[in-house]
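Structure first, commentary second.
The values are calculated or read from the model by the stated rules, or taken from the named source; none is laboratory data. Owing to the predicted nature of the structure, the values given are computational and were not obtained by experimental measurement. So basically every Cβ, Gly included, is an ideal-geometry build from the backbone, and we count neighbours across all protein chains shown. Keep in mind that these areas ignore ligands, DNA and RNA; they rest on the heavy atoms of the full protein, side chains included. Shrake-Rupley method; radii C 1.70, N 1.55, O 1.52, S 1.80 Å.
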Amino acid sequence: MPRALIEIAKTTIDLAPRPIEPSWIIEGKPESSSCVLSKSADGLAFTMVWHCTEGKFNWYYDFDETILILEGGMVLESDTMPPTRYGPGDVIFFRDGAHARWHVESHVKKLAFCRKTQPVWLGFALRFVGKLKRMLLPPGKSQPASLMTAG
């Protein structure tokens, strides 16, 4: 079944428990939950809603993540950043390999845009192939018309 080109989702959905790695927890008993709203066709990018209750914990990022705080707030710090408070409307970008200490004082709900990184050379190769496709195929077509009518 082909994937829809436009997908609609709401951030007021039921979230499933997604426990924080126990060894990352510094203080309290933070409980987290999330739900993936969308995924890219290649599986390298996804959007999710994530919620967490009060607590302090480390977080280690193994992909690029941009977050938009929807509700609540937290204090973030890292080895290169002093403790800073964030709340609704704030946008934060974490690069693949980043580490942050989270202090959720009550609760926080975020919309996260996540992308698994690839080697630079692979990104160039994929963009090159995409550009060739756009140059050789008519707009909106995924394969030549001769292939679509064959058979």
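GNM on the chain, C-alpha springs below 10 Å: top fluctuator among Ala16, Ala45, Ala125? Among Ala16, Ala45, Ala125, the largest GNM mean-square fluctuation belongs to Ala125. Extent along the principal axes, Cα only, for the chain: 64, 34, 28 Å, with the longest axis given first.
Loop sites here are trypsin sites (Lys or Arg not before Pro) outside DSSP states H, G, I, E and B with no more than 12 other Cβ atoms within 10 Å. The longest part of the chain free of them is 11-94. Can you work out the Karplus-derived ³J(HN,Hα) for every residue in the stretch 62-76? Use 6.51 cos²θ - 1.76 cosθ + 1.60 with θ = phi - 60°, whole Hz, and x for glycine or proline. Using θ = phi - 60°, the values come out as 10, 7, 5, 9, 10, 10, 10, 6, 9, 9, x, x, 7, 10, 10 Hz.
Only helices enter this figure: runs of n ≥ 4 DSSP H residues, each worth -39500 (n - 2.57), summed and divided by the residues of the chain, yield -4500 deg cm²/dmol at 222 nm to the nearest 500. Here Lys39 is the anchor, and the lysines within straight C-alpha reach of less than 19 Å, apart from those fewer than 8 places off in the same chain, are Lys10, Lys110, Lys116.
Hey, can you find the accessible area per residue of the stretch 55-120 for me, probe 1.4 Å, expressed in square angstrom? Working shown, then result.
Details: 3390 Å² over 66 residues.
For the stretch 55-120, the per-residue accessible area is 51 Å².
Taking Cα atoms only, the orientation of helix 120-136 departs from the longest principal axis of the chain by about 40 degrees.
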